[in-house]
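Structure first, commentary second.
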Amino acid sequence: LGFIWLIPAILILIIAAIYVGLVVQFWSQIFIVEDQGIISTIRAAIKFVNSSFKEVILFWLVALVVNIIYTIAIFIVIFVVVLPLGLLAIGIGFANLIAGIIIGVIGFLIIYLAMLAISGYYTAGITSYWTLVYLELKKII
């Protein structure tokens, strides 16, 4: 019962983290698009998030859903592709240690590069999304 105060404290921290995350997200967009100084960009981001908070939260929820779907897809790829290949490399390693190590390293590099490319495309897409959100909401304000 003594820890009951933690629930509202955690909720406040989550809300504050979301708010600060949104300000930082729009800070980077305003910094790039508007070509302002750092302090004026931070002020503009806070003003932007405060003035269009409902719309920003809706777009944040869309981005959250996309992030969840992306994370689930990555876990599926890991379990469907990486786990069997890892088990194959271990199995080959039991038969021939050097061959298992070579196959494991090559497989790791291929999977790492593929995940790096996927992550790059995802990051470019989500950054473009937030830039378009900023530009569209800026027209409304």
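Bear in mind these aren't lab numbers, they're just calculated from the coordinates by the rules spelled out. All values reported here derive from a predicted model rather than from experimental measurement. Backbone-built Cβ (ideal geometry, glycine too); neighbour counts: all protein chains shown.
Report, in degrees rounded to the nearest 10, the 0 to 90 angle that the Cα long axis of helix 6-34 makes with the longest principal axis of the chain. With both axes taken from Cα atoms, the answer is about 80 degrees. Placing R0 at 22 angstrom, the Cβ-Cβ distance between Ile118 and Phe94 gives a FRET efficiency of 0.10 after rounding to 0.05. Report D for region 21-87 in µm² per second (integer): Stokes-Einstein, Kirkwood Rh on Cα pairs, 10 °C, 1.306 mPa s. Estimated via Stokes-Einstein, D reaches 112 µm²/s. Nearest 10 degrees, 0 to 90: what angle lies between the long axis of helix 97-140 and the longest principal axis of the chain (Cα atoms)? That helix lies at roughly 20 degrees to the long axis. For region 80-141, the Cα-based Rg and Dmax, in that order, read 20.3, 67 Å.
Assuming charge only on the beta carbon of Lys and Arg (+1) and of Asp and Glu (-1), the dipole of the chain about its Cα centre is about 200 debye to the nearest 20. Loop sites here are chymotrypsin sites (Phe, Trp or Tyr not before Pro) outside DSSP states H, G, I, E and B with no more than 11 other Cβ atoms within 10 Å. The longest part of the chain free of them is 6-141.
The P(r) of region 35-74 has a tail past 11 Å containing 68 percent of all C-alpha pairs. For the pair Ile101 and Val33 in one chain, pulling the backbone fully straight at 0.36 nm per residue adds 19.7 nm over the alpha carbon distance. Using just its DSSP H runs of length 4 or more, each adding -39500 (n - 2.57), the chain gives a mean residue ellipticity at 222 nm of -31500 deg cm²/dmol after division by all residues.
Under 10 °C and 1.306 mPa s, how fast does the chain diffuse according to Stokes-Einstein, given a Kirkwood radius computed over C-alpha pairs? Answer in µm²/s, whole number. If you can, show how the numbers build up before the last one.
Numbers: Rh = 18.6 Å.
Estimated via Stokes-Einstein, D reaches 85 µm²/s.
Nearest 10 degrees is fine. How inclined is helix 38-51 to the longest principal axis of the chain, computing both from alpha carbons? Helix 38-51 sits roughly 80 degrees off the main axis of the chain.
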